Amino acid sequence: MTEYFYFDIEIKLAKEPDQLIATKVKSRIQGSLNEVFGEIGGQTELDLLKFDPKRRRIILRVPQAFYVKLRAAITFIAEFQGVPCNFLVRKASPVLLSLAETHLQF
């Protein structure tokens, strides 16, 4: 059975992009994995579980073996749709429930 790691990521953008769409965000992350680790090394199961375009937050799931590769790949993302950006990992955990926000975090 594959064990997974979950990431709560915030996308910080210099300005508003044309559109912030879940498939484009996932595609950009997958593209960074391929750029950094090559066609074979970058192939992984990458699931976007939650997407909040207003808060620019996503929840990703990857196999635990790809934890380090994903962290490295998102570090190298410097632009999204031509807009300078960075991806901030707010939390990472092997337990999805630990990413849940409490009323104190709003």
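Neighbours of Q64 by Cβ distance under 14 Å: Lys/Arg scored +1, Asp/Glu scored -1, total 0. Averaged over its residues, the chain has an accessible area of 61 Å² per residue, based on protein heavy atoms and a 1.4 Å probe.
For Kirkwood radius over Cα pairs in Å, computed directly from the structure shown, the correct entry in [x] 17.6; [y] 13.5; [z] 14.2 is [z]. In segment 1-52, the portion of solvent-accessible area held by carbon and sulfur atoms comes to 48 percent [1.4 Å probe, whole percent, DNA, RNA and ligands not counted].
Lysine pair count for the chain with Cα-Cα distance under 21 Å and sequence separation of 8 or more or different chains is 20. Here the chain is treated with +1 on each Lys and Arg Cβ and -1 on each Asp and Glu Cβ, and its dipole about the Cα centre works out to around 300 debye.
Note: relative contact order over segment 34-106, using C-alpha pairs below 8 Å and six or more positions apart, is 16 percent.
The values are calculated or read from the model by the stated rules, or taken from the named source; none is laboratory data. Everything quoted here is computed from the prediction, not taken from an experiment. Quick reminder, even Gly has a Cβ in these numbers, built from the backbone with ideal geometry, and neighbours come from all protein chains shown. Areas reflect the complete protein model, heavy atoms only, side chains present, ligands, DNA and RNA absent. Shrake-Rupley method; radii C 1.70, N 1.55, O 1.52, S 1.80 Å.
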